[in-house]
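Remarks on the structure that follows.
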Amino acid sequence: MKHGSQYAKQVKRVYNRLVRQHGKPKHDSLADPIEQLLLGVLARGTTETAATAAMKRLQEGTVDLNELRVASPREMVQLLGEDFPDALEKARDINSILNEVFNRQHELDLNFLRDKTRRDAKDYLQKMPGVDSCTVARVMLVSVGGHAMPVDENILTYLRKQELVDADADAAEVQAFLERNIAADDAYAFYMLMRRLAATSRPRPKKTAAVTTKKKTRKASKAKRPTTNRKNK
């Protein structure tokens, strides 16, 4: 990344300030790898809150992961909601991921990744269909305990806006830059703080035109309402 050393100083300065202000988030226990894989898919192009809520709908609408695995993408979309961002594409990726895990392991369990070398665990995840580099980093950091730095669109937008990375750098470049400059012991705390800030700085969605249209329709219907001719009564 251009001017990497300059940005590195700024990033570390901001991180230290955030830790003083908010404390250092602790990584007390490793999360389930499959759940984090699915959350990584669901979180693309939306907030972590929305992804978590969508994950809950999938869990409540199926008995277990195996039932979710054999559900069709269209059935998943019904659980996610038609208005969930890229619902069908994400449903297809979830279907591919669960079937890939089952075909490889004959069960839906990836906890064995913690017993592999970090390189082998990462290589295993990178070969999964429908899994992007941010989700791989997420699982490595949150579920495997490796040194990784997930960078999604929200975090990338926040870092650019705060001028903490080069404006032309893409997510892969920023991810590599942060992994070089944020120590392994600080990676989880940095990620959680950035994720929180990125979520709170997202612009609020504009009111849909449907509301305006409804108001206009009401006015129009009032205007068109026939007047009663009392003389004809």
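Counting only residues that are in contact (Cβ under 8 Å) with a residue 24 or more places away in the chain and in contact with a Leu (Cβ under 7 Å, 6 or more places away or on another chain), which one in the stretch 16-52 is nearest to ALA91 (Cα to Cα)?
It comes out as ILE34.
How many residues, within the stretch 15-37, are of a type in the set (Gly, Ala, Ser) and either assigned to a helix (DSSP H, G or I) or loosely packed, with under 15 Cβ neighbours inside 10 Å (or both)? Steps first, answer last, please.
Kept after step one, since they are of a type in the set (Gly, Ala, Ser), are these residues of the stretch 15-37: 23, 29, 31.
Those still in the list that are either assigned to a helix (DSSP H, G or I) or loosely packed, with under 15 Cβ neighbours inside 10 Å (or both) too: 23, 29.
Here the count works out to 2.
Could you please give the count of residues in the stretch 130-158 that are on the phi < 0 side of the Ramachandran plot and touching an Asp or Glu at 6+ places or on another chain (Cβ under 6 Å)? Give the derivation first.
Here is the first cut: in the stretch 130-158, the ones on the phi < 0 side of the Ramachandran plot are 131-144, 146-158.
Subsequent filtering for residues that are touching an Asp or Glu at 6+ places or on another chain (Cβ under 6 Å) retains 134, 149.
Counting residues in the stretch 130-158 that are on the phi < 0 side of the Ramachandran plot and touching an Asp or Glu at 6+ places or on another chain (Cβ under 6 Å) gives 2.
Considering (1) small (Gly, Ala, Ser); (2) closer than 29 Å to PHE84 by Cβ; (3) over 16 Å from the mean Cα position of the chain (by Cα), say which one ALA51 fails and leave the rest.
ALA51 satisfies every listed condition except (3).
Scanning for something under 25 Å from ALA167 (Cα atoms), at pLDDT 95 or above and of a type outside the set (A, V, I, L, M), does the stretch 24-36 turn up at least one residue? Reasoning before the result, please.
So in the stretch 24-36, the residues under 25 Å from ALA167 (Cα atoms) come out as none.
No, the stretch 24-36 contains no residue that is under 25 Å from ALA167 (Cα atoms), at pLDDT 95 or above and of a type outside the set (A, V, I, L, M).
Spot the failing condition for ASN66; the list is (1) outside any helix (DSSP H, G or I); (2) farther than 26 Å from TYR158 by Cβ, and only one is missed.
Unmet condition: (1).
Within the stretch 66-84, does at least one residue satisfy the condition of being surrounded by 15 or more Cβ atoms within 10 Å (Cβ to Cβ), over 26 Å from PRO129 (Cβ atoms) and either within 19 Å of the chain's Cα centre (by Cα) or among the charged types (D, E, K, R) (or both)?
no
If the requirement is being closer than 26 Å to TYR188 by Cα and not aliphatic (A, V, I, L, M), which of these qualifies: HIS27, HIS106? Spell out how you get there, then give the answer.
Values: HIS106 fails: closer than 26 Å to TYR188 by Cα.
Checking each option against the conditions leaves just HIS27.
The values are calculated or read from the model by the stated rules, or taken from the named source; none is laboratory data. These numbers come from a predicted model, not from an experiment. When we count neighbours, we look across all protein chains shown, and the Cβ atoms used for this are built from the backbone with ideal geometry, even at glycine.
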